[in-house]
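Right, one structure below, let's go through it.
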């Protein structure tokens, strides 16, 4: 019996699946520093020299969350992210951070953004 318990105890981490928390864009501030999935409409985008910004939940400056894609990661996408996602409902997965009081998720891989 002790061996069975020990076996179950040791194998439990193998069955643990890391799941993402699905949150609303308006609640992003409560999840800073946490890895989440947020689904919302893309209201505006902006392609700058070094980054692309994709605004969810409202157009800039009233966006609820900004997806940030650095220039070195843009080549991983099949087309320009600023036009690719405009007007679509998307789900983005990543860690919420804060930049100048605004909530953002920095995306490094296309699989982090799914069009719904």
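The values are calculated or read from the model by the stated rules, or taken from the named source; none is laboratory data. Quick caveat, the model's predicted, so the values are computed rather than measured. Here Cβ is always computed from backbone atoms with ideal geometry, including for glycine, and neighbour counts include all displayed protein chains.
Cβ-Cβ distance below 6 Å, separation of 6 or more or different chains: which pairs start in region 87-115 with a residue that is without any contact (Cβ under 8 Å) to a residue 40 or more places away in the chain and end on one that is surrounded by 12 or more Cβ atoms within 10 Å (Cβ to Cβ) and part of a loop (DSSP other than H, G, I, E, B)? Listed by first residue and then by second, the contacts come to 110/76; 110/77; 115/88. Please enumerate the residues belonging to region 65-116 that are in contact with a helix residue (DSSP H, G or I) (Cβ under 7 Å, 6 or more places away or on another chain) and either in a loop (DSSP other than H, G, I, E, B) or loosely packed, with under 13 Cβ neighbours inside 10 Å (or both). Across region 65-116, the qualifying residues are 76, 77, 108.
For region 15-41, filtered to residues that are within 13 Å of the chain's Cα centre (by Cα) and within 17 Å of residue 101 (Cβ to Cβ), the residue that is surrounded by the fewest Cβ atoms within 10 Å (Cβ to Cβ) is 33.
Of all residues in region 90-116, which are at pLDDT below 95 and closer than 15 Å to residue 76 by Cβ?
Step one: of region 90-116, the residues at pLDDT below 95 are 116.
If the condition is that a residue be at pLDDT below 95 and closer than 15 Å to residue 76 by Cβ, then no residue fits.
Would you say residue 44 is assigned to a loop (DSSP other than H, G, I, E, B) and either loosely packed, with under 13 Cβ neighbours inside 10 Å or over 15 Å from the mean Cα position of the chain (by Cα) (or both)? Step through it out loud before you land on a result.
Values: assigned to a loop (DSSP other than H, G, I, E, B): no; either loosely packed, with under 13 Cβ neighbours inside 10 Å or over 15 Å from the mean Cα position of the chain (by Cα) (or both): yes.
No.
Got a number for residues in region 55-70 being free of Cβ contacts under 8 Å to residues at least 40 places away in the same chain and either under 11 Å from the mean Cα position of the chain (by Cα) or under 17 Å from residue 97 (Cβ atoms) (or both)? Explain how you work it out, then say what you get.
Looking only at region 55-70, we keep the residues that are free of Cβ contacts under 8 Å to residues at least 40 places away in the same chain, and these are 55-64, 66, 68-70.
Those left that are additionally either under 11 Å from the mean Cα position of the chain (by Cα) or under 17 Å from residue 97 (Cβ atoms) (or both): 55-57, 63-64, 66, 68-70.
Residues meeting the conditions: 9.
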